[in-house]
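Engineer: Sending over a structure as structure tokens; questions will come in a sec.
The values are calculated or read from the model by the stated rules, or taken from the named source; none is laboratory data. Quantities reported herein were computed from a predicted structural model and do not represent experimental measurements. Using ideal geometry, Cβ is built from the backbone for each residue, glycine included, and neighbour counts are taken over all protein chains shown. Ligands, DNA and RNA are stripped out before the accessible areas are found, and what is left, the full protein with its side chains, is counted by its heavy atoms. Shrake-Rupley method; radii C 1.70, N 1.55, O 1.52, S 1.80 Å.
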Amino acid sequence: TDADRLAQKARSMGIQTEQQHVIVKGKQYWRVQITGFSTEEAASAYAYNAKEKLGLQDVWIMKR
């Protein structure tokens, strides 16, 4: 799947990821999460670089 390819690409660049299955409005999706941040600020600072490195259109910052 696209999520598998993205997660593998990220891991090959040394980016720690997890995949999560979700259902939104009855549709199934897989999320690829970049993990390992101790603060929201650290995650936000990294988000732009990850977006560029991985060629993403959007990124979201969320708490677990």
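Engineer: Compute the angle between helix 40-54 and the longest alpha-carbon principal axis of the chain, please, reported from 0 to 90 degrees and rounded to the nearest 10.
Structural biologist: 70 degrees
Engineer: In addition: So, for the chain, what is the accessible surface per residue at a probe of 1.4 Å, expressed in square angstrom?
Structural biologist: On a per-residue basis, 82 Å².
Engineer: If the cut-off is a Cα-Cα distance under 27 Å, which lysines reach Lys9, setting aside same-chain residues fewer than 8 apart in sequence?
Structural biologist: Hits, sequence-local ones excluded: Lys27, Lys51, Lys53, Lys63.
Engineer: Students often check this: by mean Cβ neighbours within 10 Å, which of 49-58, 32-41 ranks highest, and how do the rest follow? Display every interim value, and only then the final one.
Structural biologist: Values: 49-58: 11.0, 32-41: 12.6.
Packing proxy ranking, top to bottom: 32-41, 49-58.
Engineer: Next question, about the same structure. Does segment 21-64 come out rounded, prolate or oblate, given a ≥ b ≥ c as the square roots of the eigenvalues of its C-alpha gyration tensor, rounded meaning a/c under 1.5 and, failing that, prolate meaning a/b above b/c? If you can, show how the numbers build up before the last one.
Structural biologist: Numbers: a/c = 2.73, a/b = 1.54, b/c = 1.78.
Oblate shape, in that a/c is at least 1.5 and b/c is the bigger or equal ratio.
Engineer: Rounded to the nearest 500, what is the 222 nm mean residue ellipticity of the chain from helices alone, with -39500 (n - 2.57) per DSSP H run of 4+ residues and division by all residues?
Structural biologist: About -13000 deg cm²/dmol.
Engineer: So what is the relative contact order of the chain, in percent, for Cα pairs below 8 Å that sit 6 or more residues apart?
Structural biologist: Taking the mean separation of contacting Cα pairs over the length of the chain, I get 24 percent.
Engineer: Moving to a separate point now. What's the angle, to the nearest 10 degrees (0 to 90), between helix 2-12's Cα axis and the longest principal axis of the chain?
Structural biologist: Compared with the principal axis, the helix lies near 20 degrees.
Engineer: Using a 1.4 Å probe on the protein chains only, how many percent of the accessible area of the chain belongs to carbon and sulfur?
Structural biologist: Carbon and sulfur atoms account for 49 percent of the accessible area of the chain.
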